[in-house]
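K.L.:
Please find one structure pasted underneath; my questions will follow.
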Amino acid sequence: MKNIKRNILILLAPFMLMVLVNEYVRIQNKTHFKSKGFTLLNTTEPIKHKCSWNCHNNTAYCIKHHIELTKPYLKYTNPIYFGAIGALRSTGNYGLANIVFLVILMPLWMFYFLAKTFDLLIEIRKTKKWKQ
């Protein structure tokens, strides 16, 4: 029962953190944008001093105007990033593939291995105590 509670906490913690951060940003953000009848926290227009949805749709703009610290590493990360985007687009439905792979499968995969890591750590501790 203890492992089930721990695993549920491990599974839900990133989502709870994401909601907390998003709500904090929403409360702090005094500028709202309108698009297709919806009120948005972010715009699709390019903004030089911060990332917007334009950066999602136009990575080159974001790299040119917003990336400073990691610029030397782009030659290593860009092939991985654009390879992942290309793979998602090659499915024929980029949005659905993005949700299935990056929102559902990848977090479940990471959750599984994190839970197994904790199980192994518990086994190691039990083994150490047993040998003493």
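K.L.:
Carbon and sulfur: what percent of region 90-132's accessible surface (1.4 Å probe)?
P.N.:
71 percent
K.L.:
In region 1-106, which chymotrypsin sites (Phe, Trp or Tyr not before Pro) fall in coil by DSSP and have 13 or fewer other Cβ atoms within 10 Å?
P.N.:
Answer in residue order: no site qualifies.
K.L.:
Normalised by the number of residues in the chain, what is the relative contact order in percent for Cα pairs under 8 Å and 6+ residues apart?
P.N.:
14 percent
K.L.:
Choose one of Pro72, Asn93, Ile47: the residue whose Cα lies farthest towards the positive end of the charge dipole of region 7-116 (beta-carbon charges +1 Lys, Arg; -1 Asp, Glu; about the Cα centre).
P.N.:
Toward the positive end, the furthest listed residue is Ile47.
K.L.:
Can you give me the long-range amide H partners of Ser52? Hydrogens built in the peptide plane at 1.01 Å from N, cutoff under 5 Å, separation of 5 or more residues or another chain.
P.N.:
For Ser52, the qualifying residues are Ile47.
K.L.:
May I pose another question? May I ask you to give the solvent-accessible area per residue for the chain, in square angstrom, as obtained with a 1.4 angstrom probe?
P.N.:
85 Å²
K.L.:
Compute the helix-to-body angle for 74-89: its Cα long axis versus the longest principal axis of the chain, expressed 0 to 90° and rounded to tens.
P.N.:
Here the helix axis deviates by roughly 90 degrees.
K.L.:
In Å and whole numbers, how far do the C-alpha atoms of the chain stretch along each principal axis, longest first?
P.N.:
For the chain, the Cα spread along each principal axis is 63, 37, 34 Å.
K.L.:
Here's another thing I want to ask about it. If you fit an axis through the alpha-carbon atoms of helix 2-28 and take the longest principal axis of the Cα set of the chain, what angle between them do you get, 0 to 90°, nearest 10?
P.N.:
Helix 2-28 and the main axis of the chain meet at about 20 degrees.
K.L.:
Please give, to one decimal in nm, the separation of the simple spin-label points placed at Cys51 and Thr39, each 7 Å out from Cα toward the Cβ.
P.N.:
2.5 nm
K.L.:
Also: Let me know the longest stretch in the chain that avoids all trypsin sites (Lys or Arg not before Pro) found in a DSSP loop with at most 13 other C-beta atoms within 10 Å.
P.N.:
51-132
The values are calculated or read from the model by the stated rules, or taken from the named source; none is laboratory data. The structure presented is a predicted model; accordingly, all values stated were derived computationally and were not measured. Every residue, glycine among them, receives a Cβ derived from its backbone with ideal geometry; neighbour counts consider all protein chains shown. Protein only, heavy atoms only, side chains kept; ligands, DNA and RNA dropped before computing areas. Shrake-Rupley method; radii C 1.70, N 1.55, O 1.52, S 1.80 Å.
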